[in-house]
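Notes follow the structure.
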Amino acid sequence: MTRSVRTFCRICEVHCGLVVDVEPDPSTGGERVAKVSPDRDHPVSQGYCCVKGLGLGALHHDPDRLDVPLKRVDGELVEISWEQALAEIGGRVRAIVDEHGPRALALYQGNPTFFSLAGTLMSTAYVEALGSPNVFASHSIDVNTKFHVSTEMYGLSLVHPVPDFEHVDFFMCLGSNPLVSQMSVLQVADAAGVLSSVTERGGRVVIVDPRRTETAKRVGEHVPIRPGTDAYLLAAMLHVLTVEVGIDLAPAREVARGVDDLVAAAAPWTPERAAAVTGIAAATIRDLATSYAEASVGQGGSGAALYCSTGVNMGPFGSLAYWLLQGINLVAGNLDRRGGLLVPRGAFDTLRLAGLVGLGRFDEHRTSDGRWHRVAGAFPVAALAGEITTEHPDRVRALFVTAGNPVHSVPGGALDEALPSLDLMVSVDLYRNETAAYADYVLPATDMLERSDFPASHQSLQVVPHAQWTPPVVAPTGQRRTEWQIFSDLALASGVRPFGTTAAHTLPRLNRLLGRLPGSPRIGFDHLLAVLLRWGRRTSLRELKRRPDGVLLPPTEPGSFLGRRVATHDGLVDLAPADLVADLDRLVAAEPELSRPGVLRLVGRRDRRSHNSWMHNNSHIRQPDGNTALLHPDDASARGIVDGTSVVVSSPTGEVEIAVSLTDDVAPGVVVVPHGWGHSTTGPRRARALPGANINAVIPGGPAHMDPVSGQAIMLAHEVDVRPAAR
Ligand SMILES: Nc1nc2c(c(=O)[nH]1)N[C@H]1C(S)=C(S)[C@@H](COP(=O)(O)OP(=O)(O)OC[C@H]3O[C@@H](n4cnc5c(=O)[nH]c(N)nc54)[C@H](O)[C@@H]3O)O[C@H]1N2
Ligand SMILES: Nc1nc2c(c(=O)[nH]1)N[C@H]1C(S)=C(S)[C@@H](COP(=O)(O)OP(=O)(O)OC[C@H]3O[C@@H](n4cnc5c(=O)[nH]c(N)nc54)[C@H](O)[C@@H]3O)O[C@H]1N2
Ligand code: SF4
Ligand SMILES: [Mo]
C-alpha cells in the first residue's frame, strides 16, 4: 500500500513543504519513494517548490550514491564494514591527538550541514570533545561578513533582521537573485513572487546587480553596478540621508552607540564621488537615498528595507557594506519596525541558545598563526590550507569533511596541494565528490528523506514564523547512517564523549540529557529537540508530531528586539565597531583601482536546477549544460570573441576553458561564470559527463584574498582576462 508522508525540503532556506508517496518495493522487501510533490496545503510554502526538491526521490535512489563505508587501499577505495571504519578512524584520531595535541584535528562543515541540526551539533561536538577548536565552515565562503558584523553590532552572529515584505514600501536588494536562489540568510517562500506583491501594492523594488538578472527582468527596477563597489553606494546613500536629507538621529541614539562615528564614515562619500567608482549616476544615488528616506518609518513613511546577499558578501568590502546597510536601516528608523525589518525568534530562541552555549559570540580561539578568529563558531576555510601545510606544532594532520566539497568550492586551488599532506582524511557525504579524492575513508551519510529534522538554524530568519518537524520518510538505504550517529560513534571510538564541555549551565535538563550521550541507544536527536522545544514554550515535539504540516507561530512583533534582545554587553547596538571603522581606509585605497576603465571583472551566477557543486547527478532534473560565461557583446568584439564559441577565462591563479554566450544583460566590463561545475573523473557518472569547468581554479584564494575583518574569502570582482580558445 502506498503511504504519503508530509515533510520539507532542506536544500535551501525556503524549506518548502513536500508530500512524499512511499510504496512497497518487492525487489528489496523494503520501500521506495514513488513520488515527491509540493505540499499545496503547507501553511507557509503553499505548494511552492522547485525542481531540486522534486528530485529528492531521485537523490535517494541514485545508484551512484554511497551506500557502504569505503577505505583507501593502494590508492583505490574499497568497501569495509562500519565496525572496521569506526575502529580504525577512532584509533588513528586518538593516536594523532595523543602525539601532536588536539589542534592536529580539524573539521570542515559544508553547506548542507547547517540544514541538519543533528549534523551540525554532533559533528561540532566530536571535535570539541577531543579538545580542538578547529572547526572550519562553508559560511566563510558565503556569509562570514554578515555573521561577523552582526556579532559586533548585535552581540550574536545569527541576528539578521528580515524585511517585513507584507508592509514594506521601498525594498532595495543588492547582490541577490531571488527568482533563482530564493535569497539567503532569510527564509521566505517564492521570494520573487513576494517582491512582485510589493510592487503590485504600489511599493518600489530596486535590484542592484551588475547583470540584469532573472529577478530584475520580472520585478522592480534594475540598477547596474560595477562589481565590488556596493560599499561606496551605501556610504553615499548614508551621506545623502545624514547630510542632505538630515534625518533625525535622536531615536537612534537611544538604542545604539557610535551613531556619530557611523555618520562620519559616510561624510566623505558624496554621490558624485561614489558615482565615479560604482558607475551609478549621482542623480540615481540621490533618488534611491531620498526615496528610501521618504519610505522610512523614522521619516513618517510606512517602511523601507535594504537587503544584501552573496553578490555583496563575496566582494572586496562585504563586511563594510553589511555594516553600512544595517546602520542605514537602523538610523532611518526601519529596524524592529512594522514595514521595515523584524527580528524573529523561532520555536525556541535560537539566539538565546546560541549565546548560552557560547556559539555566535566572539570566542578566544585563533588560527595557529594568530591571524584569524572564529566567526559563528568556525575559522575561515580560506586559511585551512595554510593550517595544514605550515610547519607548526599545531599543524592540522587529520581532517573530517562533512557535507562539503571544499576542493571544489574554495577559490584558489590550494587545498588540492594541501590535502595530500594530511595523515588522515575522512569524508562524510552522499557521494564521492572531488574532495573525497583525497580521503582515506569515505563514510555514507543519510539524505534528508532518511532522517528526522527540525530547521533550527533558520528559525530566526523566518518571514512567516512556523515550526515543523519531519520524521524520517523512509528507512536508510544500504548502510547509510545519520551524521548524529556517525559522529557520536566516532567520538566513542576515539575515546571521548561528545558534549562533555557544553557550558549550558542555565539549561540543567539539557545538560543532564547531554551527559548521558552518546552510547545510549534510547537517546537520539529527537530527545534533544524535545527538550529545546519545551524550553522555548511555543510548541512541543508532541504537538509537532500530531501536526505534520507544523504550526504557525505568533508573528514577529515590531518593538521586540531593540532595547530587549540585543546581546551586546550594554544592550545597545554598536554602530561603530572599531575594526570596521579602521577598514574604511581600504575604500579610499581601492577607489582608483575599482574605477579603472577597460578591466573585465569576474562575478558568479546560480542556476535554478543546480545547487553549488551538487544535484548534478540527479536524474529527475534536466541538467544545465555545465557553466557558460556571459559577456557583453562590446567586450566580446573588442577581443575577437564570437557567441557560442569556447573562451579561456584566466587570471594569474589559473585558467579554464568554457563556452561563451553574449548578452547585453551583462554590463560592459563584467564576465559572469557560475561555480560548482567541472566534475572530476572519479565523481558520480552523470555529473562527470556534463561540460563545464571549475571557476574556482581562476579565482585567487588564501590569506591575500580574504576580507580582513571577517575572514570571508573575496571571490567576486577579481580582474580576469577572456580570450578566444585556440582551435
Ligand atoms: N538554484 C539555486 N539556489 C540556491 C543555490 C544554488 O546554487 N542554486 N545556492 C544557495 C546558497 S548556498 C546561497 S548562499 C544562496 C545565495 O543566494 P544569492 O545571494 O541570491 O546568490 P546569487 O543567486 O548567486 O545572486 C548573487 C547576485 O549578485 C550579483 N553580483 C555579483 N557581484 C556583485 C556586486 O559586486 N554587487 C552587486 N550588487 N551584485 C553583485 C550577481 O550578478 C548575482 O546576480 O543561494 C541558495 N540558493
Ligand atoms: N566561485 C564561487 N565559489 C563558491 C560560491 C560562489 O558563488 N562562487 N558559493 C559559495 C557558497 S554560497 C557556498 S554555500 C559554498 C558551498 O560549498 P561546500 O559546502 O563546500 O560545497 P557544496 O558544493 O555545497 O557541497 C555539498 C556536499 O554535501 C553533500 N551533501 C548533501 N546533503 C548532505 C547530507 O545531508 N549529509 C552529508 N554528509 N552530505 C551531504 C553533497 O553531496 C556535496 O558533496 O560554495 C561556495 N563557493
Ligand atoms: S531547493 Fe527548491 S524545493 Fe528545496 S527548499 Fe529550496 S526552493 Fe524549496
Ligand atoms: Mo551558500
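The values are calculated or read from the model by the stated rules, or taken from the named source; none is laboratory data. Since the model is a prediction, treat every value here as computed from it, not as a measurement. Glycine also receives a Cβ, built like all others from the backbone with ideal geometry; neighbour counts cover every protein chain displayed. Accessible surface areas use protein heavy atoms only, side chains included; no ligands, DNA or RNA. Shrake-Rupley method; radii C 1.70, N 1.55, O 1.52, S 1.80 Å.
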Study note, to complete from the structure: Helix-only [θ] at 222 nm, the chain, -39500 (n - 2.57) per DSSP H run of 4+, per residue, nearest 500, equals -8500 deg cm²/dmol
Review point. What list of ³J(HN,Hα) couplings, whole Hz, do you get for segment 704-710 from phi and the Karplus terms 6.51, -1.76, 1.60, once you set θ to phi - 60° and write x for glycine and proline?
Key: 6, 10, 10, 4, x, 8, 9
**Study point:** For peptides 397-406, 51-60, sequence by mean Cβ density within 10 Å, most packed first
**Key:** 397-406, 51-60
Revision key, fill the gap. Heavy-atom accessible area of the chain with neighbours in place, 1.4 angstrom probe: carbon+sulfur share in percent works out to 51 percent
Practice item. Distance between Cα centroids, segment 659-707 to segment 19-47: provide it in whole Å. Key: 34 Å
Study note, to complete from the structure: Taking a ≥ b ≥ c as the square roots of the Cα gyration tensor eigenvalues, with a/c under 1.5 meaning rounded and otherwise prolate when a/b beats b/c or oblate if not, segment 164-342 comes out oblate
Point to revise | Length-normalised contact order of the chain in % [C-alpha pairs under 8 Å, at least 6 apart] | key: 19 percent
Revision key, fill the gap. Using the Kirkwood formula on alpha carbons, the hydrodynamic radius of segment 588-727 in angstrom works out to 16.0 Å
**Study point:** Net length gained if the chain between D67 and D579 were fully extended (0.36 nm per residue, minus Cα distance)
**Key:** 179.6 nm
**Study point:** For F400, residues with placed amide H under 5 Å, excluding near neighbours
**Key:** A106, L107, Y108, V426
Exercise for review: Hand me the trypsin sites (Lys or Arg not before Pro) from segment 136-244 located in a DSSP loop with no more than 15 other Cβ atoms within 10 Å, in residue order please.
Suggested key: R201
Exercise for review: Identify the GluC sites (Glu not before Pro) of segment 98-197 meeting these criteria: DSSP loop state and at most 12 other C-beta atoms within 10 Å of the C-beta.
Suggested key: none
Study note, to complete from the structure: For segment 600-614, Karplus-derived ³J(HN,Hα) couplings (6.51, -1.76, 1.60; θ = phi - 60°; whole Hz; x for glycine and proline) come out as 9, 10, 8, 10, x, 6, 10, 10, 4, 8, 10, 9, 6, 9, 10
Point to revise | Ordering of 86-93, 629-636 by burial proxy (mean other Cβ atoms within 10 Å per residue, highest first) | key: 629-636, 86-93
**Study point:** Cα-derived Rg to Rh of segment 3-61, Kirkwood definition
**Key:** 1.01
Revision key, fill the gap. By the Cα gyration tensor axes a ≥ b ≥ c (a/c under 1.5 gives rounded; else a/b larger than b/c gives prolate, otherwise oblate), the shape of the chain is rounded
Practice item. List the residues whose amide H sits under 5 Å from the amide H of Q462, counting only those 5 or more places along or on another chain, with H placed 1.01 Å from N in the peptide plane. Key: Q187
**Study point:** segment 597-724: antiparallel DSSP beta bridges as a percent of all, rounded to 5
**Key:** 70 percent
Review point. Residue separation times 0.36 nm, minus the C-alpha to C-alpha distance between R3 and D634: what's the value?
Key: 221.5 nm
Revision key, fill the gap. If each part is reduced to its alpha-carbon centroid, segment 162-188 and segment 536-592 end up apart, in Å, by 16 Å
Check your understanding: Full extension from E593 to D363: what is 0.36 nm times the residue separation minus their Cα-Cα distance, to one decimal in nm?
Key -> 79.3 nm
Practice item. Rounded to whole Hz and in sequence order, give me ³J(HN,Hα) for segment 548-560 from the Karplus expression 6.51 cos²θ - 1.76 cosθ + 1.60, θ = phi - 60°, writing x for Gly and Pro. Key: x, 8, x, 10, 6, 8, x, x, 5, 7, x, x, 9
Review point. Amide H to amide H, which residues 5 or more places from V223 or on other chains are under 5 Å from it, using H placed in the peptide plane?
Key: I207, V208, D209
